[in-house]
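Below: the structure, in structure tokens.
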Amino acid sequence: MTSIAGKNLRQDLLSSLVVFLVALPLCMGIAIASGVHPAAGLITGIIGGIVVGSLSGSPLQVSGPAAGLAVIIWEIVSKYGVPALGLILVVAGLTQVAFGAFKLGRIFRAVSPAVVQGMLSGIGVLIFASQFHVMLDDKPKGSGFENLIAIPKILADVVTLNHDFNHLAALIGLITIAIIMLWEKLPLTKLRNAIPPTLISVLAATVLAAVMNLEVKHVELPSNILNAVHWLDLSLVPQLGWVILTQGLIVAFIASAETLLSASAIDRMAPENKAKYDKELVAQGVGNTLCGVVGALPLTGVIVRSSVNVKAGAKSRLSAILHGVWLLLFVVAFPTLLKQIPTAVLAALLVYTGYKLLNISEIKAIAKQSKTEALILLATMVTIVAVDLLTGVLAGIALSVLKILYVFCKVDIVKEEEEEQVTLNLHGAATFLSLPKISDEIEKLDPHTDLHIDFSGLMYMDHACIEAIKSFEKQFKEKGGNLTIEWGHDQKNFKKSVLRLPEAA
């Protein structure tokens, strides 16, 4: 038993170091992409490791700043400022605690994969487009759409040698991405898994920039991490009350969905450590509330760091906790080293992350399975890029609901014609949505027809349909025809099971 405990401790220790090396550059990169100081991302990583890791309902999940929230945080900071972000995160955190307390965790998993992938793809496009400009030591142009349409002009300037940006920063960024891609192709699997490509790329590009003394922007960090703490400013509440509430609910919803999707994925990777979703939501809520109090970024369970944790052999929550400890110790002991990293290098990491979030192979798989789902995915992604994240997600959910209504409220009509009789066999679910189709079929017929409508193939029928058919029955009789309903069951039982009427009806 002692040897097993010792082995588990070693595994957790080693995996925590690997996760730390992945998390360190991403924490700073996501902070820059969110429009805040890099130190804010590091503080969030520390809280995500030590606090959320200790309380987590998904022991092997690693929490920290997430690329998926960078877009919405950038919009919040741009419109309302960094102080408002703290208040919004407190609302989001307390909302997540309430979600967990009322056991709403599983509800967040009831989202169509097409909407989820559409959301991730839209976020990926926005991150790619904004960080592409940061990788050139420039600033994002504004909206996601503006960032996106500006890229072709920049590429044209490269071809015509009309450089209106820092080409040295661009070169360092491209080298960073090239190293990541080459490292992932290495045939030496053990070496590739042991040393994260993000670490190799950041180290190599930083050393190259330092040796060649390249004139590029570098990461700005305070000598003391406590100087980056922005305590909660309650004086903004009267001014931004409604904004704080609505934006807090949006962040809570998206952060919760991303966290539980990540937890679900980790469940499949490590089935012996099943997540407790409501407990995980409470842990995330506590973490986000604390992040709001100190003025950091929001956190979520992050699939990239979590999957690295599992692959590195983590056995318990200790690995996630220790990764937060290493972040804290490194930021306190070696802030000067972090200041040597070019901003373009971190932006390049996010450009590559955005590309990976787009996940072309997953989009192809969904399209192969269902063209309708592919359209929902595409509509979600395009709306996020063209309008905003919340509108895109709501559009995707609305389209998914409409698809369900179409599929489950669809009626098939099989027409059989004999010499003196026409039979319409109804199959599926006859609802008010089916009325136009049913009415069209009946109205095509001569009113003197002997019409039989067979209900035996129906699994459901609402009052609108039955009343409409009764109306047609009356019309046929008035014009000398006949309309007969073939229940296919005892009429009373049919009303109870299909019409869902009380027996007295």
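Bear in mind that the values in this text are calculations on the coordinates, not laboratory data. On a predicted model such as this, the values are computed, not experimentally measured, just so you know. Cβ sites come from the backbone with ideal geometry, for glycine too, and all protein chains shown count toward neighbours.
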Expressed in nanometres to one decimal, the distance between label points 7 Å along Cα→Cβ at Lys311 and Glu420 is 7.6
Along the dipole axis of the stretch 2-359 (charges at Cβ: +1 for Lys and Arg, -1 for Asp and Glu; origin at the Cα centre), the most positive-end residue among Ile341, Thr44, Pro271 is Pro271
Nearest-0.05 FRET efficiency for Thr246 and Leu375 at R0 = 25 Å, using Cβ-Cβ distance, is 0.30
Highest mean packing first, using Cβ neighbours within 10 angstrom, the peptides 120-130, 169-179, 88-98 sort as 120-130, 88-98, 169-179
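How big is the antiparallel share of DSSP beta bridges in the chain, given as a percent to the nearest 5? Show your work: numbers first, answer last.
Numbers: 10 of 23 bridges.
Once the DSSP bridges in the chain are tallied, antiparallel ones form about 45 percent.
Please list, by residue number, every one of the trypsin sites (Lys or Arg not before Pro) in the stretch 325-422 that is coil in DSSP and has at most 14 other beta-carbon atoms within 10 Å.
Details: sites: Lys339, Lys356, Lys364, Lys368, Lys371, Lys403, Lys410, Lys415; in loops: Lys339, Lys410.
Taking the stretch 325-422 and a limit of 14 other Cβ atoms within 10 Å, the loop trypsin sites (Lys or Arg not before Pro) found are Lys339.
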When Met459, Met135, Met269 are arranged by how many other beta-carbons sit within 10 Å of their Cβ, fewest first, they go Met459, Met269, Met135
Relative contact order in percent for the chain (Cα pairs under 8 Å, 6+ apart) equals 26
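Run the numbers on the stretch 409-497 and let me know its relative contact order in percent, using alpha-carbon pairs under 8 Å that are six or more apart.
Values: 148 pairs, mean separation 25.6, N = 89.
It comes to 29 percent, rounded to a whole number.
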For the stretch 420-484, listing GluC sites (Glu not before Pro) in a DSSP loop whose Cβ sees at most 10 other Cβ atoms within 10 Å gives Glu420
Contour minus Cα-Cα span, Trp231 to Gln340, at 0.36 nm per residue, comes to 36.5 nm
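Return the Rg/Rh value of the chain, two decimal places, where both radii are evaluated on C-alpha atoms and Rh is the Kirkwood radius.
Result for the chain is an Rg/Rh of 1.13.
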Filtered hits (aspartates and glutamates, Cα-Cα < 19 Å from Lys315, offset >= 8 within chain) -> Asp12, Asp267, Glu272, Glu280
Surpassing 18 Å at the alpha-carbon level, of the pairs Lys371/Lys437; Lys141/Lys356; Lys274/Lys311; Lys103/Lys276; Lys185/Lys368, are Lys371/Lys437; Lys141/Lys356; Lys185/Lys368
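Using 1/(1 + (r/R0)^6) with R0 = 41 angstrom and r between the beta carbons of Leu9 and Ile404, what's the FRET efficiency to the nearest 0.05?
0.25
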To the nearest 20 debye, the chain has a Cα-centred charge dipole, built from +1 on Lys and Arg Cβ and -1 on Asp and Glu Cβ, of 2140
Hits in the stretch 62-78: amide N under 18 Å from the 7 Å Cα→Cβ extension of Thr391, namely 71-78
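Just want to confirm a number: the relative contact order over the stretch 176-300, from Cα pairs under 8 angstrom separated by 6+ residues, in percent.
Values: 56 pairs, mean separation 29.6, N = 125.
Relative contact order comes out at 24 percent.
How big is D for the stretch 409-497, in µm² s⁻¹ as a whole number, if Stokes-Einstein is applied with the Kirkwood radius of its Cα pairs at 37 °C and 0.692 mPa s?
Values: Rh = 13.1 Å.
Taking Rh from Cα pairs, D becomes 251 µm²/s.
Within the stretch 203-262, which chymotrypsin sites (Phe, Trp or Tyr not before Pro) sit in a loop by DSSP and count at most 13 neighbouring Cβ atoms inside 10 Å?
Trp231
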